[in-house]
Amino acid sequence: MPPEEIDLQPVTHILVDAIGPPGKRVFYLQGWQDNRSVTLIVEKFQIQSLAIGLEQFLAEIEEKNPDLTQASGDYEESKMHILPPVDPLFRVGELGLGYDEDTDLLILVARELVAEDQDPEQAGVVRFWCTRSQLRAMSNWGIEIAARGRPLCPQCREPMDPEGHFCPKKNGHSH
Ligand SMILES: [Zn+2]
């Protein structure tokens, strides 16, 4: 069977969201093209690394194309929550970024996580064609929800990870 390949081109709305109790949350990436949606399961660290990668990528694009307007990254929280159907197509193994200069669209490429004994060529692929602002908004919101699930440190008010936390108020000692 050929692997599933889907292009949402262009995306009308894209978001990430987390469902579940703190520490056990499942993160989702959901893209819409009008009434059609694709929902994928992602890891929190994938959202966080995407946010870092995206900022570097946007800086490169804007440097090479100085006439482009800056991507805004603003979002309305009420519009950034997952919508039914929450019926994930696959769990993401890898997220990548591309850019189409002709349309000024970013392409978020999600590749399915495959088991070690599975042929990687059989991994499903979804490409979300987004504006720079859509993806920056999703990414900013992603950073926000990734941080929300963690309790705040009583000393410095920064979110703490379950493994511990490098507290600036305690001269960098972990507690
Ligand atoms: Zn602290």
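Computed from the coordinates by the stated procedures, all read-outs in this text should not be read as laboratory data. None of the values given here were measured: they were computed from a predicted structure. Quick reminder, even Gly has a Cβ in these numbers, built from the backbone with ideal geometry, and neighbours come from all protein chains shown.
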(message) Just the residues that are within 14 Å of D7 (Cα to Cα) and part of a strand (DSSP E or B), please, taken from the range 113-139.
(response) V125, V126, R127, F128, W129, C130
(request) Scan the range 30-53 residue by residue and report those that are closer than 17 Å to I145 by Cα and not in a strand (DSSP E or B). (result) E43, K44, F45, Q46, I47, Q48, S49, L50, A51, I52
(request) Scan the range 33-88 residue by residue and report those that are under 30 Å from E4 (Cβ atoms) and of a type in the set (V, I, T). (result) V38, T39, I41, V42, I47, I52, I61, I82, V86
(request) Would you tally the residues in the range 54-74 being part of a loop (DSSP other than H, G, I, E, B), under 17 Å from E101 (Cα atoms) and touching a residue at least 24 places away in the same chain (Cβ under 8 Å)? (result) 3
(request) Considering only the range 7-42, state which residues are out of contact with any Phe, Trp or Tyr (no Cβ under 9 Å at 6 or more places or on another chain) and of a type in the set (A, V, I, L, M). (result) V26
(message) Restricting to the range 19-52, count the residues that are surrounded by 15 or more Cβ atoms within 10 Å (Cβ to Cβ) and either in contact with a strand residue (DSSP E or B) (Cβ under 8 Å, 6 or more places away or on another chain) or among the basic types (K, R) (or both).
(response) 20
(message) Looking at the range 145-164, I want the residues that are small (G, A, S) and have a partner that is within 11 Å of the ligand (Cβ to nearest atom) and not in a helix (DSSP H, G or I) with Cβ atoms under 8 Å, at least 6 apart or on another chain. Which pairs are those?
(response) A147/P159; G164/S174; G164/H175
(request) Could you run through the range 149-167 and say how many residues are of a type in the set (D, E) and near the ligand (Cβ under 8 Å from one of its atoms)? (result) 1
(message) Suppose we keep only residues that are of a type outside the set (A, V, I, L, M) and assigned to a strand (DSSP E or B) within the range 1-29. Which one would you say is nearest to Y99 (Cα to Cα)?
(response) D7
(message) I'm trying to understand the selection: among the residues of the range 77-130, which are small (G, A, S), surrounded by fewer than 16 Cβ atoms within 10 Å (Cβ to Cβ), closer than 19 Å to Q30 by Cβ and over 15 Å from the mean Cα position of the chain (by Cα)?
(response) S78
(message) Is it the case, given these coordinates, that V109 is without any contact (Cβ under 8 Å) to a residue 60 or more places away in the chain, touching a helix residue (DSSP H, G or I) at 6+ places or on another chain (Cβ under 8 Å) and away from the ligand (no atom under 11 Å from the Cβ)?
(response) no
